[in-house]
1. Does residue B:84 meet the test of being touching a Gly at 6+ places or on another chain (Cβ under 8 Å), of a type in the set (Val, Ile, Thr) and more than 10 Å from chain A (Cβ to nearest Cβ)?
2. Taking residue B:63 as the residue in question, decide whether it is among the acidic types (Asp, Glu), touching a residue at least 60 places away in the same chain (Cβ under 8 Å), within 18 Å of residue B:340 (Cα to Cα) and open to solvent by less than 40 Å² (accessible area, probe 1.4 Å).
3. Since residue B:231 meets every condition but one in (1) farther than 30 Å from residue B:88 by Cβ; (2) over 25 Å from the mean Cα position of the chain (by Cα); (3) open to solvent by less than 60 Å² (accessible area, probe 1.4 Å); (4) not aromatic (Phe, Trp, Tyr), which condition does it not meet?
4. Scan region B:239-267 for residues that are at pLDDT below 95, more than 28 Å from residue B:342 (Cβ to Cβ) and open to solvent by less than 30 Å² (accessible area, probe 1.4 Å) and report the count.
5. If I filter region A:73-85 down to residues being under 15 Å from the mean Cα position of the chain (by Cα) and more than 11 Å from every other protein chain (Cβ to nearest Cβ), which single residue comes out as nearest to residue A:57 (Cα to Cα)?
6. Given A:135, A:107, A:70, A:88, which one is open to solvent by 30 Å² or more (accessible area, probe 1.4 Å), at the interface with chain B (Cβ under 9 Å from one of its Cβ atoms) and among the charged types (D, E, K, R)?
7. List the residue pairs whose Cβ atoms are under 8 Å apart, where the first residue sits in region B:16-42 and is within 9 Å of chain A (Cβ to nearest Cβ) and touching a residue at least 24 places away in the same chain (Cβ under 8 Å), the second is open to solvent by less than 30 Å² (accessible area, probe 1.4 Å) and outside any loop (DSSP other than H, G, I, E, B), and the two are 6 or more positions apart or on different chains.
8. Would you be able to tell me the number of residues in region B:288-327 that are acidic (Asp, Glu), outside any loop (DSSP other than H, G, I, E, B) and modelled with pLDDT under 95?
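The values are calculated or read from the model by the stated rules, or taken from the named source; none is laboratory data. Keep in mind that what you see is a predicted model, and the values were worked out from it rather than measured. All Cβ positions, glycine included, derive from the backbone under ideal geometry; neighbour counts span all protein chains shown. Only protein heavy atoms, including side chains, enter the accessible area calculation; ligands, DNA and RNA are left aside. Shrake-Rupley method; radii C 1.70, N 1.55, O 1.52, S 1.80 Å.
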Amino acid sequence: MPTVVTNEDHPMENAPEAEANVGTNVEDDYIDLNDQRIRVLPGASETAASFEFESEDHTLGNALRYMIMKNPQVELCGYSIPHPSEAKMNIRIQTYEGTTVYDVLEKGFEDLMSLCDIVTDKFTAERDKFNAKQKA
Amino acid sequence: MAPEPISPEEARRRKIVGVNAETVTNVTSTDFPGHYPGEDHTWSLEKFTENFSVQYHKNAPHDAVFSLIGLDASIANAFRRILIAEIPTLAIEQVFVHNNTSIVHDEVLAARLGLVPLTANRSGLNWLKYRRRIPNDDIGDAREEEQKGEGATDTNTVVLKLQIECKWAEGIKEGETDPNKLYVNSNVYAKHLVFEPQGSQSKHFPEPDGIVRPVNPDILLAKLRPGQVIDLEMFAVKGIGADHAKFSPVAPATYRLLPTIDIVSPILGNDAKKFARCFPKGVIGLEYVTEEESDVMGGELEGKAGEEKAVVRNTFKDTVSRECLRHDEFKGKVKLGRVRDHFIFSVESTGQFESDRLFLESVAILKMKCVRLKRSLANIMK
């Protein structure tokens, strides 16, 4: 038995009391736009890290996970919601050498945004075509 | 490493989610780099643009049906979830009861009022802001404040009034029993809600078409009898479906995958008729076996000219009930499935916004999430 045991466990903090508006703070204007909503969890390295997203859920979690997994430099990407009554979502990213988790995550956002643009363009075009045809 | 071309059979196998009598097969997406050796599945905007397409089937204000083809389920599901829970709408949040002598309890009536879908001038709705959120640390004081309606201004709160009293009607005939003739205002409908413009609201919600009003004027809110009074003041605010279902702009937004039916070997004669009856009308058609088909030596249809055979007409109408898999005569002759990346969306708006706008809004919100979080990420990278 080693005489000195370093405690690597992090004590779990209690949630603040009277959290009357859990779940309502997802909204854009409800939260300050300057709020820092991403946090890197302890134990991160350049190529392997877990990010904690505040006020996010499966909506962004799964979509972002898919986009990040599409990146060939990514070894692993997964997301989880550690507890259902905490509005928090964790994303785990592990990459191969030659890139960092931050770049990969940033690319994930960018790819998802460009996808949204294409969906909007094609949807609008097709809807207008359909409406014109209905009128005719 | 150049990606090797895959065979059309393999491409189809990957595209179809199998539906068996008791099980499903090939469910998980596999279009990731490294999943198939030698193949390139890297995200490419060009490839996505090329493969992605939209088909419109119906575009009514309260009901839009369209297909998104060439998307992954995770993305389609994000749109659906945003439609239900994250598009802001206006709904009644606070009810101040001045008088209520009806048999409907205050809290029950308030809950009913909250669920009434409201609508108004679109630019006015967009102009409306959220009521400032209460900071976590002084929630005690803020709760009280909120109950008094403080923090409400003309830019974030819409005031509605409901003042109605039931009376005996005049000149009733002896022995009359019809409540509609006996009483005045015995039914309280959504149309009795009156919009009271505050401050600059009359400019943003102009009379008569732009005012805040219920989508459906004929929603029954309460019933009254002579002498009973309802006198309420209501505050409507913007909120999202994640907070309360009354804020959800859709009822509901769903998607399903396009069904496929593969008739592996021919189904003929009476079996064909029975087969067609296993599906909704229009999914399976009957055709006569032609001379050419029948002349193929050793073919499955050899010598069957003139007989009826089942053909797949329109799988869009299919419900994938799997009824045909329950009958022994079709065993091994048919394969059911769904197209993995063909999402048939059905968006039914509650009326505050048009259904197609709602979908575009959901895409915009997903993008906005990314923009904001990317900014957050930039902060930790610094």
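1. Details: touching a Gly at 6+ places or on another chain (Cβ under 8 Å): yes; of a type in the set (Val, Ile, Thr): yes; more than 10 Å from chain A (Cβ to nearest Cβ): no.
In short, no.
2. On the way: among the acidic types (Asp, Glu): yes; touching a residue at least 60 places away in the same chain (Cβ under 8 Å): yes; within 18 Å of residue B:340 (Cα to Cα): no; open to solvent by less than 40 Å² (accessible area, probe 1.4 Å): yes.
Spelling it out, it is not the case that residue B:63 is among the acidic types (Asp, Glu), touching a residue at least 60 places away in the same chain (Cβ under 8 Å), within 18 Å of residue B:340 (Cα to Cα) and open to solvent by less than 40 Å² (accessible area, probe 1.4 Å).
3. Among (1) farther than 30 Å from residue B:88 by Cβ; (2) over 25 Å from the mean Cα position of the chain (by Cα); (3) open to solvent by less than 60 Å² (accessible area, probe 1.4 Å); (4) not aromatic (Phe, Trp, Tyr), the lone unmet condition for residue B:231 is (1).
4. Residues meeting the conditions: 2.
5. Pass one, region A:73-85, residues under 15 Å from the mean Cα position of the chain (by Cα): A:76-82.
If we keep only those that are more than 11 Å from every other protein chain (Cβ to nearest Cβ) as well, we get A:78, A:80-82.
Numbers: A:78: 13, A:80: 9, A:81: 7, A:82: 11 Å.
For region A:73-85, the residue satisfying everything is A:81.
6. Values: A:135 fails: at the interface with chain B (Cβ under 9 Å from one of its Cβ atoms); A:70 fails: open to solvent by 30 Å² or more (accessible area, probe 1.4 Å); A:88 fails: at the interface with chain B (Cβ under 9 Å from one of its Cβ atoms).
Among A:135, A:107, A:70, A:88, only A:107 is open to solvent by 30 Å² or more (accessible area, probe 1.4 Å), at the interface with chain B (Cβ under 9 Å from one of its Cβ atoms) and among the charged types (D, E, K, R).
7. Every condition considered, the pairs that remain are B:29/A:66; B:29/B:74.
8. Quick first cut of region B:288-327, residues acidic (Asp, Glu) only: B:291-293, B:295, B:300, B:302, B:307-308, B:318, B:323.
Then keep just the ones that are outside any loop (DSSP other than H, G, I, E, B); that gives B:291-293, B:295, B:308, B:323.
Narrowing further to those that are modelled with pLDDT under 95: B:291-293, B:295, B:308.
So the count comes out to 5.
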